[in-house]
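Heads up: the structure comes next, in structure tokens.
The values are calculated or read from the model by the stated rules, or taken from the named source; none is laboratory data. From a predicted model like this one, the values you see are computed outputs, not experimental measurements. Backbone-built Cβ (ideal geometry, glycine too); neighbour counts: all protein chains shown.
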Amino acid sequence: MRGRDDQSEGLFAYVRLEGRIPADHPLRAIRGLADEALGSLNKRFDRLYSSTGRPSIAPEMLLRATLLQAFFSVRSERMLVE
């Protein structure tokens, strides 16, 4: 079952993440492009996942994390989370 691509910034942070990143930061433009590209893949993702079972992590979230890992030269997923 495909997980949802929810923004959970309010779950653990008391400061909005959007307020901590400058408006002219390059990641804002990249996120817009990534969101647009991932939005166009939405129907394909839906076809790949079953409608039953336990929800997975949304593929959009995993792909965004992989982009950040590549941009910041983070060697592993564990280091990215830390």
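One table, with the values for the structure above:
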{"item": "Counted residues, the stretch 29-59 - those being basic (K, R), in a helix (DSSP H, G or I) and loosely packed, with under 13 Cβ neighbours inside 10 Å", "result": "3"}
{"item": "Where a residue in the stretch 19-32 is touching a residue at least 12 places away in the same chain (Cβ under 8 Å) and its partner, wherever it lies, is of a type outside the set (K, R), with Cβ under 9 Å and at least six apart", "result": "L27/I21; L27/L68; L27/F71; I30/L67; I30/F71; R31/L67"}
{"item": "Test result for T66, over 16 Å from the mean Cα position of the chain (by Cα) and of a type in the set (V, I, T)", "result": "no"}
{"item": "Conditions (1) part of a helix (DSSP H, G or I); (2) under 30 Å from S51 (Cβ atoms); (3) modelled with pLDDT under 75; number of the one not met by M1", "result": "(1)"}
{"item": "L63 modelled with pLDDT of 90 or more and of a type outside the set (G, A, S)", "result": "yes"}
